[in-house]
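Enquirer: Below is the structure I would like to discuss, written out as structure tokens.
The values are calculated or read from the model by the stated rules, or taken from the named source; none is laboratory data. Because the structure is a prediction, the values reported are computed rather than measured. Heads up, the Cβs are rebuilt from the backbone with ideal geometry, glycines too, and the neighbour counts pull from every protein chain shown.
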Amino acid sequence: MLKCELRLQCGCSRLLAALSAVLLVAAFCPAWAQDLPDTQDQALAFEKADRMPATPFYDTPTPLPRGTPGQLIRSQAAEGYNLPKGVRAVRILYHSQNEAGEDVAASGVVLLPPGNAPKDGWRVIAWAHGTSGVARLCAPSLMKDVYYGDMGLFPMLKAGFAVVAIDYAGLGTQGPHHYMSLNEQANDVINGVRAAHDAVANLSSRWVVDGHSQGGGTAWFVAQQEAVLEDPNYLGAVAVAPALNVPSLIHGMGGNDSAAYYDLFVAYGIKARFPQFDVADMLTEPALSQYPAMTTDGCWFYGNATGHSHLLGTSAVKPHFEDNPWVRKFEQMDFFGHRPQRPLLVLAGSGDESVPLPSIQPIVVKACRLGYPLRFRVFPGLDHGPVMDKSTPDQLRWIRARFAGKPESDNCATVIKRSATGDDEATATKTSK
């Protein structure tokens, strides 16, 4: 989940195109200026300027022909992205699996650094993105900057890693997208790595997963699944501002806040997974009036503009909505189903307004008590997007160490000790440098 987050790139090619479309005049570089499209029309124009054509490559037969998870359906070299010089892109369409064990199609794009691959192949980062929206057109592989651009994604390529950027089923492919069903999104990541190796030569068999927000929660679940799958080539997971505690997040955003629009995405995700659910049992009238366009016509920027222009000062969720049986069932996520065997790095910002630190800390502390090989660090004062951006050098250092085979020690003893005194932030910041 993202809030007040700019994925603007110095050079501003994407932004200038959008600004021309909506006749805005502003200096948005460097990144993290707080200017965003103000209205829904401006946001739609902004997103359209970054969108690539949804070609028949993404279409899949109904019903989907049988295939095993991770089996490649097709691949295609792709152009038209705004990528660092020399980076090559190959789109993939492949079989994945939803929570019910049903075969679904998922898409993504494999990004390859410039130059020739090392002898043992390009080292692989499986990238799990944060909230892009829930409509089919919100797939990062259909965006010229692959949605994140210079905010973590391009630095991974510049550091010499191949990036397998996953869309998640229902984004790009025919849906619906089961938003925040993190176990399913973890399936998409793991299966996407398998498919990428069939589509692209010169990829190393070894890989890590790195994710932010929705993708941070996804990375956590990849770590848990790999405890069972035991892929010897999986080296570890980075979870940045992980959106794990869904009940806490819904309650926190559903009130009189401009981030209330996230709850429309969540309602869509519940409906997608449990068709019996009626979104009117959860959403208020103001939210319901925005729901159709929010979930079909626009993506994150449209949602953000909707929150500020139509939902600010109102509540998106009804009182006691959590008593709905489908909401309760959706919220039953097992954060601790399997103890990871490989290292897990969790990063958070103390100023995060979208995935607040108090929603992450209890999960981290319990994981530490359960013996997770976990290192936790908090970046003082950073909000949701900036913590991804500013922590990228730390992420890359940690990832390089995994590929180098260096041992990693957790800082759980200190995290647990300090949690008893309420000093979680100081613990994470001081002990993980």
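Enquirer: All but one of (1) in contact (Cβ under 8 Å) with a residue 40 or more places away in the chain; (2) surrounded by fewer than 16 Cβ atoms within 10 Å (Cβ to Cβ) hold for residue 270, so report the exception by its number.
Expert: That leaves (2) as the condition not met.
Enquirer: Across the stretch 198-223, what is the number of residues that are of a type outside the set (Val, Ile, Thr), assigned to a helix (DSSP H, G or I) and closer than 19 Å to residue 237 by Cβ?
Expert: 8
Enquirer: Kindly indicate whether any position in the stretch 240-259 is touching a residue at least 60 places away in the same chain (Cβ under 8 Å), touching a Pro at 6+ places or on another chain (Cβ under 9 Å) and surrounded by 24 or more Cβ atoms within 10 Å (Cβ to Cβ).
Expert: No: the stretch 240-259 contains no residue that is touching a residue at least 60 places away in the same chain (Cβ under 8 Å), touching a Pro at 6+ places or on another chain (Cβ under 9 Å) and surrounded by 24 or more Cβ atoms within 10 Å (Cβ to Cβ).
Enquirer: I've got another one for you. Having 1 or more residues that are free of Cβ contacts under 8 Å to residues at least 40 places away in the same chain, within 30 Å of residue 173 (Cβ to Cβ) and of a type in the set (Lys, Arg) is the bar; report the helices (runs of 4 or more DSSP H) wholly within the stretch 275-374 that clear it.
Expert: 325-331
Enquirer: Right, here's the next one. Looking for whichever is assigned by TED's automatic domain parsing to the domain that holds residue 396, in a strand (DSSP E or B), touching a strand residue (DSSP E or B) at 6+ places or on another chain (Cβ under 7 Å) and touching a residue at least 24 places away in the same chain (Cβ under 8 Å) here; the options are 107, 141. Which one fits?
Expert: Working: 141 fails: in a strand (DSSP E or B).
Unique residue meeting the criteria: 107.
Enquirer: Identify all residues within the stretch 203-250 that are of a type in the set (Asp, Glu) and either outside the structural domain of residue 406 (by TED's automatic domain parsing) or touching an Asp or Glu at 6+ places or on another chain (Cβ under 9 Å) (or both); write none if there are none. Before the answer, list the steps.
Expert: Quick first cut of the stretch 203-250, residues of a type in the set (Asp, Glu) only: 210, 226, 230-231.
None - no residue of the stretch 203-250 is of a type in the set (Asp, Glu) and either outside the structural domain of residue 406 (by TED's automatic domain parsing) or touching an Asp or Glu at 6+ places or on another chain (Cβ under 9 Å) (or both), so the list stays empty.
Enquirer: Separate question: Go through the stretch 345-363 and count every residue that is in contact with a strand residue (DSSP E or B) (Cβ under 6 Å, 6 or more places away or on another chain), hydrophobic (A, V, I, L, M, F, W, C) and surrounded by 24 or more Cβ atoms within 10 Å (Cβ to Cβ).
Expert: 5
Enquirer: Within the stretch 185-194, identify whether any single residue is surrounded by fewer than 23 Cβ atoms within 10 Å (Cβ to Cβ), modelled with pLDDT of 95 or more, under 17 Å from the mean Cα position of the chain (by Cα) and closer than 18 Å to residue 131 by Cα, and answer yes or no.
Expert: To start, the set of residues in the stretch 185-194 that are surrounded by fewer than 23 Cβ atoms within 10 Å (Cβ to Cβ) comprises 194.
Within this subset, residues satisfying the condition of being modelled with pLDDT of 95 or more are 194.
If we keep only those that are under 17 Å from the mean Cα position of the chain (by Cα) too, we end up with none.
Checked the stretch 185-194: no residue is surrounded by fewer than 23 Cβ atoms within 10 Å (Cβ to Cβ), modelled with pLDDT of 95 or more, under 17 Å from the mean Cα position of the chain (by Cα) and closer than 18 Å to residue 131 by Cα.
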